[in-house]
1. Using θ = phi - 60° and the Karplus curve 6.51 cos²θ - 1.76 cosθ + 1.60, what whole-Hz ³J(HN,Hα) does each residue of region 128-141 get, with Gly and Pro shown as x?
2. Check Tyr130: other-chain or 5+ apart residues with amide H under 5 Å from its amide H, H built from backbone geometry?
3. Taking the Cβ of each residue in Tyr163, Tyr214 as the centre, tally the other Cβ atoms inside 10 Å and list the residues starting with the fewest.
4. Report, for region 142-241, the % of DSSP beta bridges that are antiparallel, rounded to 5.
5. Cross-link candidates for Lys177: which lysines have Cα within less than 28 Å, leaving aside residues fewer than 8 places away along the same chain?
6. Tell me, what ³J(HN,Hα) does each residue in region 109-124 have, in order and in whole Hz, if you take phi through Karplus 6.51 cos²θ - 1.76 cosθ + 1.60 with θ = phi - 60° and put x for Gly and Pro?
7. Under 5 Å between amide H atoms, partner at least 5 residues away or on a different chain: which partners does Glu88 have, H built in plane at 1.01 Å?
8. Taking θ as phi - 60°, what are the ³J(HN,Hα) couplings along region 225-239 by the Karplus curve (6.51, -1.76, 1.60), each to the nearest whole Hz, with x for Gly and Pro?
Amino acid sequence: MGRKRFAATLIACALAALCCLWGCAQTSSSAASSDGASADSASSSESAAADAGELAKVSFVLDYAPNVNHTGLYVAQEKGWFAEEGVEVEFVPAPADGSDALIGSGGANMGMTYQDYIANSLGSATPMPYTAVAAVVQHNTSGILSREKDGITKPAQMAGHRYATWNLPVELATIKKLVEDGGASFDDVELVPYEVDDDVMGLQADLYDCVWVYEWWAVANAKLQGYPVNYFAFGDMDTIFDFYTPVIAVNDDFAKANPDTVRAFLRAAKRGYEFAAENPQESGEILCAAVPELDPALIQEAQSILSPQYIADAPSWGVIDEARWSAFYQWINDEGLSENPFDAASGFTMEYLE
């Protein structure tokens with residue numbers, strides 16, 4: 001699992017598609033409003049349902065096929081913690097074009113996405129109404145994977161080697177800054193197209209020398225295959241790139257109409273991720289039981305890497321630090337990588353996390 005979709009969602013036509021979906025959703029939302037479904041009345045209905053002991057329904061779209069990013073949610077579901085909070089959760093499979101459009105259009109009430117993806121919407125001509133409300137993992141767990149024998153242990157050493165790229169602005173600007181900050185020339189990095197689904201396989205087949213991956217998946221995969229690799233994390237190289245990936249986001253209209261439901265969802269999710277942080281093996285088993293097609297060995301290896309990152313050095317699960325969030329967005333603005341400049345502190349709120 002590399003950062004293939006990271007690149008795909010940065011393409012301008014994808015932004016246009018997101019805005020188109022949001023425009024269609026506005027028509028539906030306007031019709032609902034004209035029928036008297038105001039935020040105030042919806043909030044009253046939320047309270048009435050709670051008083052009646054009914055479970056509030058929440059549709060939650062995944063960002064990818066089920067994996068250890070989602071473990072805390074499956075734990076909360078299996079242990080009945082969502083139900084205890086009065087919430088009934090429906091997990092929605094990730095669409096081919098990612099979860100953002102579905103959350104932003106209201107097709108799903110909540111979902112999982114990434115800070116860099118939210119930037120696509122914020123910088124577009126018509127930003128969509130969705131907001132990050134909790135960090136799933138505290139630090140950016142993506143970076144560069146390479147063959148151990150090539151000795152690529154820092155960005156400058158990518159010079160003279162082939163990097164598998166999606167050839168898109170934010171991606172290349174990230175690599176360029178890191179390579180040049182290390183004293184090498186970005187021009188000396190040979191760019192080759194990313195054309196594989198298995199990052200380790202691409203290294204084994206000598207299709208490239210280094211590739212952008214998620215540590216918990218690609219490094220775990222390499223270890224299980226007994227294939228020696230090197231890996232360095234972007235967040236360790238420059239704090240600008242220690243952005244939040246992934247995050248839980250909510251459709252703004254849903255949050256406005258159902259604030260208590262959003263808080264209840266996050267309380268249960270927090271319990272799930274706290275459990276997964278303390279019990280990687282059991283939580284990995286819960287995930288595999290819920291999704292039998294997963295490879296238990298790979299999940300357990302990945303879980304051992306990611307569980308310590310759910311909370312890490314944060315005061316508690318889910319916290320988003322404004323300074324760190326804003327630093328990455330300010331860099332995007334400063335580099336002119338967005339269609340339109342936007343408020344670097346926008347796109348998230350801690351209002352619903354307790």
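None of the figures in this text is laboratory data; all of them are computed from the coordinates on show. Worth saying up front: this structure is predicted, and the values here are computed from it rather than measured. As a convention, Cβ positions derive from the backbone with ideal geometry for all residues, glycine included, and neighbour counts pool all protein chains shown.
1. 8, x, 8, 9, 6, 10, 6, 8, 6, 10, 6, 10, 5, 9
2. Asp252
3. On the way: Tyr163 24, Tyr214 27.
The most exposed by this proxy come first: Tyr163, Tyr214.
4. 60
5. Counting by Cα, and skipping residues close in sequence, Lys177 has these lysines nearby: Lys4, Lys149, Lys154.
6. Values, residue by residue: 5, 9, x, 10, 8, 9, 4, 5, 5, 4, 4, 4, 6, 4, x, 7 Hz.
7. Result for Glu88 returns Ala56, Lys57, Val58.
8. 7, x, 9, x, 9, 10, 8, 9, 8, 4, x, 7, 8, 7, 5
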